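Structure first, then comments.
The values are calculated or read from the model by the stated rules, or taken from the named source; none is laboratory data. Everything quoted here is computed from the prediction, not taken from an experiment. A quick note on method: Cβ atoms are made from the backbone with ideal geometry, for glycine too, and the neighbour counts reach across all protein chains shown.
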Amino acid sequence: MTEALTCDAFLDGRVHAHQPRAGYRAATDPVFLAAAVPARAGQSVLELGCGVGVAALCLNARVPGLALTGVEIQPDYAALARRNAAENGAALEVVEADLAALPPDLRARSYDHVIANPPYYPAHGPAAQDAGRDRALREATPLCDWVDVALRRVRDGGYVTLIHLTERLPEILAALDGRAASLVLPLAARAARPARRVIVQARKGGRTPFVLLPPLVIHQGDAHPGDGEFFTDTVRALMREGAGLDLAAMARG
C-alpha cells in the first residue's frame with residue numbers, strides 16, 4: 001500500500017497524515033469534527049471509525065493532553081492511523097474492530113467524548129470502485145447503531161459529536177431522542193445555499209431544549225473567482241489555525 005499513499009497537511013502543517021491515493025481520503029469533514037469537540041486537557045476521547053486518524057490528530061493539535069482512542073474496522077486504515085499518530089507525536093490508541101462488536105475491554109470503558117464521521121450513504125447506495133472507499137462511505141452498520149454505540153460509550157454528562165449529511169439528520173435525532181440534549185450546526189457551502197452537512201452535538205442525559213444554530217458559511221461570495229479556497233474568516237481559522245467551534249457558546253447567543 002506504501003506506493004499508493006500521499007502525505008497530506010492539515011491545519012497549515014500542524015498535522016500530517018498518510019492516506020491512500022485512491023481510497024477514502026480525509027478532507028475538511030474531520031477538521032470540522034475536531035474543531036467542534038469541547039474537550040479539555042486530561043479528558044478521554046473515543047473516535048468511532050477513525051480512518052487514518054485525521055480527526056483525532058487535529059483534536060490533539062488543538063487540545064494537548066487528551067487520552068485518545070480510535071476504532072477502525074479496516075486493517076490498512078488502522079495501520080495508517082497508528083503510523084500517523086507516531087509521526088505526529090500523538091498518544092492515539094488504535095483498536096482494529098467492528099464498532100458493532102467492540103472488544104470487551106473497550107465495552108468496559110466510558111469516555112468524556114465520543115466522536116464520529118459515520119458513512120454518509122445507506123447500504124443500498126451505489127458502490128465505490130475502491131473497496132476501502134466504499135467501506136468508508138457506504139454503511140454496513142445502520143446509522144442508528146452508530147449513535148447507540150456512541151451513547152453507550154460516553155459517560156453521563158459527556159458529549160457525542162458527529163458530522164453527517166443533512167438528509168440523515170432525522171435518523172440521528174430519532175436515535176438521540178430521550179437519551180441526550182442535542183444541538184445542530186448546519187454547514188452551508190455559501191450564504192443563501194442549503195446546508196448539505198451538519199454537526200450534531202449531544203450531551204448524554206441532558207434535558208435542555210433542542211437548538212438549531214444558524215448555518216456556518218464555509219466559502220466567501222457566490223462562486224470561486226479562481227484557484228484557492230476562499231474560506232470565510234471563521235472557517236479559515238478552523239482549517240488553518242486550529243481554532244475551535246464553541247457550539248454551546250453559539251447556542252447561548
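Considering the stretch 1-24 alone, what residues qualify as being free of Cβ contacts under 8 Å to residues at least 60 places away in the same chain and either touching a His at 6+ places or on another chain (Cβ under 6 Å) or part of a loop (DSSP other than H, G, I, E, B) (or both)?
7, 9, 13, 21
Is it true that residue 102 is more than 24 Å from residue 7 (Cβ to Cβ), modelled with pLDDT of 95 or more, buried (at least 22 other Cβ atoms within 10 Å of the Cβ) and not acidic (Asp, Glu)? Walk me through how you get there before you give the answer.
Values: more than 24 Å from residue 7 (Cβ to Cβ): yes; modelled with pLDDT of 95 or more: yes; buried (at least 22 other Cβ atoms within 10 Å of the Cβ): no; not acidic (Asp, Glu): yes.
Against the criterion (more than 24 Å from residue 7 (Cβ to Cβ), modelled with pLDDT of 95 or more, buried (at least 22 other Cβ atoms within 10 Å of the Cβ) and not acidic (Asp, Glu)), residue 102 does not qualify.
Hey, could you check the stretch 145-170 for residues that are of a type outside the set (A, V, I, L, M) and either outside any helix (DSSP H, G or I) or at pLDDT below 95 (or both) and say which is farthest from residue 99 (Cα to Cα)?
Within the stretch 145-170, the match that is farthest from residue 99 (Cα to Cα) is 157.
Quick check: anything in the stretch 55-67 in contact with a strand residue (DSSP E or B) (Cβ under 7 Å, 6 or more places away or on another chain), surrounded by 23 or more Cβ atoms within 10 Å (Cβ to Cβ) and polar (S, T, N, Q)?
Yes: one or more hits.
Between a residue in the stretch 83-98 that is touching a residue at least 60 places away in the same chain (Cβ under 8 Å) and any residue that is of a type in the set (Gly, Ala, Ser) and surrounded by 19 or more Cβ atoms within 10 Å (Cβ to Cβ), which pairs come within a Cβ distance under 6 Å, given they are 6 or more apart or on different chains?
84/17; 84/53
Anything in the stretch 184-212 that is assigned to a strand (DSSP E or B) and touching a Lys or Arg at 6+ places or on another chain (Cβ under 9 Å)? List them, or say none.
Listed by number, the residues that qualify are 186, 187, 188, 198, 202, 204.
Being of a type in the set (Gly, Ala, Ser) and modelled with pLDDT of 95 or more is the filter; apply it to the stretch 194-223 and report the residue that is surrounded by the fewest Cβ atoms within 10 Å (Cβ to Cβ). Can you show your working first?
Going through the stretch 194-223, the residues of a type in the set (Gly, Ala, Ser) turn out to be 195, 202, 205-206, 221, 223.
After this cut, where a residue has to be modelled with pLDDT of 95 or more as well, the list is 195, 202, 205-206.
On the way: 195: 18, 202: 27, 205: 14, 206: 16.
The qualifying residue surrounded by the fewest Cβ atoms within 10 Å (Cβ to Cβ) is 205.
Any idea which of (1) touching a helix residue (DSSP H, G or I) at 6+ places or on another chain (Cβ under 9 Å); (2) surrounded by fewer than 17 Cβ atoms within 10 Å (Cβ to Cβ); (3) modelled with pLDDT of 95 or more is the one residue 229 doesn't satisfy?
The failed condition is (3).
Would you check which residues across the stretch 162-177 are more than 12 Å from residue 118 (Cβ to Cβ), in contact (Cβ under 8 Å) with a residue 12 or more places away in the chain and surrounded by fewer than 20 Cβ atoms within 10 Å (Cβ to Cβ) and list them?
Our first condition is that a residue be more than 12 Å from residue 118 (Cβ to Cβ); within the stretch 162-177, this holds for 166-167, 169-170, 173-174, 176-177.
After this cut, where a residue has to be in contact (Cβ under 8 Å) with a residue 12 or more places away in the chain as well, the list is 166, 169, 173-174, 176.
Matches in the stretch 162-177: 166, 169, 173, 174.
For the stretch 232-253: of the residues being free of Cβ contacts under 8 Å to residues at least 40 places away in the same chain and closer than 26 Å to residue 160 by Cα, which is surrounded by the fewest Cβ atoms within 10 Å (Cβ to Cβ)? Before the answer, list the steps.
Filtering the stretch 232-253 down to residues free of Cβ contacts under 8 Å to residues at least 40 places away in the same chain leaves 232-237, 249, 252-253.
Then keep just the ones that are closer than 26 Å to residue 160 by Cα; that gives 234-237, 249, 252-253.
Working: 234: 14, 235: 23, 236: 16, 237: 15, 249: 10, 252: 8, 253: 5.
Here the residue is 253.
Could you say which residue among 81, 4 is among the aliphatic types (A, V, I, L, M) and buried (at least 18 other Cβ atoms within 10 Å of the Cβ)?
Numbers: 4 fails: buried (at least 18 other Cβ atoms within 10 Å of the Cβ).
Going through 81, 4 in turn, the sole match is 81.
Do we find a residue being of a type outside the set (Ser, Thr, Tyr) and surrounded by fewer than 15 Cβ atoms within 10 Å (Cβ to Cβ) anywhere in the stretch 114-122?
Yes.
Scan the stretch 163-183 residue by residue and report those that are small (Gly, Ala, Ser) and over 18 Å from residue 247 (Cα atoms). Spell out how you get there, then give the answer.
To start, the set of residues in the stretch 163-183 that are small (Gly, Ala, Ser) comprises 174-175, 178, 180-182.
174, 175, 178, listed by residue number.
Within the stretch 33-88, take every residue that is in a loop (DSSP other than H, G, I, E, B), small (Gly, Ala, Ser) and touching a helix residue (DSSP H, G or I) at 6+ places or on another chain (Cβ under 9 Å) and give me the one that is nearest to residue 118 (Cα to Cα).
Taking the stretch 33-88 first, the residues in a loop (DSSP other than H, G, I, E, B) are 37-43, 49-53, 63-66, 73-74, 88.
Within this subset, residues satisfying the condition of being small (Gly, Ala, Ser) are 39, 41-42, 49, 51, 53, 65.
Then drop every residue that is not touching a helix residue (DSSP H, G or I) at 6+ places or on another chain (Cβ under 9 Å), which leaves 39, 49, 51, 53.
Numbers: 39: 20, 49: 7, 51: 10, 53: 14 Å.
It comes out as 49.
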